[in-house]
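The structure appears right after this line, and notes come after that.
The values are calculated or read from the model by the stated rules, or taken from the named source; none is laboratory data. Not measured: the values here are computed from a predicted model. Positions of Cβ are generated from backbone atoms using ideal geometry, with glycine treated the same way; all protein chains shown enter the neighbour counts. Please note that ligands, DNA and RNA were not included when accessible areas were found on the heavy atoms of the full protein model with its side chains. Shrake-Rupley method; radii C 1.70, N 1.55, O 1.52, S 1.80 Å.
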Amino acid sequence: MIVRTVRNQSRTTQEDLFSDLKATGTIVTKKTIGNTLRREGLKSCSASNIALKKTHVHARLKFASEHLNDSEENWAKLFWSDETKIKLFGINSSCRVWRRRNAACDLKNTIPTIKH
């Protein structure tokens, strides 16, 4: 039940799993829950804040391939600006997800952001 719950919703916390199991009549410790998930190859990681859509990936790849052979003088003429993220909703603390190795960029393991 623990692994199935985490596969369906990766942002489930140990407290949520503990209370779900308690409601069904099974009492286990939070450490047992964490050990069970780690045994299944899942680990608790911070959720990624930015997920690129396929259109963004294709646009970046197109830009890179078009400007692959540009000279250093052309690159020196570009103006790069920093981006600032302003959080309009949600909490400022990091969100944890249970995920497998090399699954950081899966959409279910990311937090959508709004950039203006």
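Worth a mention:
- Candidates are the residues of region 65-102 that are within 15 Å of S44 (Cα to Cα) and modelled with pLDDT of 70 or more; the one that is most open to solvent (accessible area, probe 1.4 Å) is R101.
- Qualifying residues in region 39-64 (those that are open to solvent by 90 Å² or more (accessible area, probe 1.4 Å) and at pLDDT below 85) - the one nearest to R11 (Cα to Cα): K43
- Single match in T26, T12 (criterion: open to solvent by less than 60 Å² (accessible area, probe 1.4 Å) and at pLDDT below 90): T12
- If you go through region 8-62 and keep only what is in a helix (DSSP H, G or I), aliphatic (A, V, I, L, M), under 16 Å from R99 (Cα atoms) and without any contact (Cβ under 8 Å) to a residue 60 or more places away in the chain, you end up with L17, I33.
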